[in-house]
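The block underneath contains the structure these notes are about, expressed in structure tokens.
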Amino acid sequence: QVQLVGSGGGLVQAGGSLRLSCAASGFIFSIRAMGWYRQAPGKQRELVATITSSGKTNYADSVKGRFAISRDNARNTVYLQMNSLKPEDTAVYYCAALTPVAWGQGTQVTVSS
């Protein structure tokens, strides 16, 4: 079955950087669009970024210019490079295989001011 294992979260000061990774298995990774979503306490889960099988990317306005999604099909892994982090980026970040959606277990990112 589909498995998505996220890692790389943690505590960072505002202005810092983190890189999230998501290792995928149980499906043909190279032909599946992938995405990162996040959910802050008391808020709905929201889209952060997506990447198609051909590498086309899409970002939420709130992270454009700061975050970069990428994929390594040889490693069945999708990444989210997060730079210039802000306290409002604090959330649980979820990796997802898209259409149909399958969710990873989430990794906590906390940005202190």
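The values are calculated or read from the model by the stated rules, or taken from the named source; none is laboratory data. Since this is a predicted model, take the numbers as computed values, not measurements. Methodologically, a virtual Cβ is constructed for each residue, glycine included, from the backbone with ideal geometry; neighbour enumeration extends over all protein chains shown. Ligands, DNA and RNA are excluded from the accessible area calculation, which covers all protein heavy atoms including side chains. Shrake-Rupley method; radii C 1.70, N 1.55, O 1.52, S 1.80 Å.
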Using θ = phi - 60° and Karplus 6.51 cos²θ - 1.76 cosθ + 1.60, couplings along the range 80-97 (whole Hz; Gly, Pro as x): 9, 8, 10, 10, 6, 5, 10, x, 6, 7, 4, 4, 8, 9, 10, 7, 9, 8
The correct ranking of 61, 89 by accessible area at 1.4 Å, largest first, is 61, 89
Students often forget the sequence filter, so: which lysines lie under 19 Å Cα-Cα from residue 43 once same-chain residues fewer than 8 apart are removed? 86
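Can you give me the % of accessible surface on the chain that is carbon or sulfur? Probe 1.4 Å, all protein chains present, nothing else counted. Walk me through the intermediate numbers first.
Values: 2880 of 5900 Å².
Ligands and nucleic acids excluded, carbon and sulfur reach 49 percent.
Write out the trypsin sites (Lys or Arg not before Pro) in the range 27-113 meeting two conditions: DSSP loop, and at most 16 other Cβ atoms within 10 Å of their Cβ. Write out the running numbers ahead of the final one.
Numbers: sites: 32, 38, 43, 45, 56, 64, 66, 71, 75; in loops: 32, 43, 45, 56, 64, 66, 75.
Passing both the DSSP loop test and the Cβ count: 43, 45, 56, 64, 66, 75.
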Phi angles of the range 106-113, converted by Karplus (6.51 cos²θ - 1.76 cosθ + 1.60, θ = phi - 60°) into ³J(HN,Hα) in whole Hz with x for Gly and Pro, give x, 9, 7, 10, 10, 10, 8, 8
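So what is the accessible area of the range 17-77 per residue, in Å², with the probe set to 1.4 Å? Don't skip to the end; give the middle numbers.
Values: 3360 Å² over 61 residues.
In whole numbers, the range 17-77 has 55 Å² accessible per residue.
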Amide H contacts of residue 67 (H built 1.01 Å from N, under 5 Å, at least 5 apart or other chain): 83
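Pull out the extension gain between residue 112 and residue 47, defined as 0.36 nm times the separation in residues minus the alpha carbon to alpha carbon distance; nm, one decimal. Each step should come with its number before you reach the end.
Working: separation 65, 0.36 × 65 = 23.40 nm, distance 2.19 nm.
Extra length from residue 112 to residue 47 when fully extended: 21.2 nm.
Length gain on complete extension for the stretch residue 3 to residue 70, per 0.36 nm per residue less the alpha carbon to alpha carbon distance?
Numbers: separation 67, 0.36 × 67 = 24.12 nm, distance 1.85 nm.
Working it through step by step, the gained length comes to 22.3 nm.
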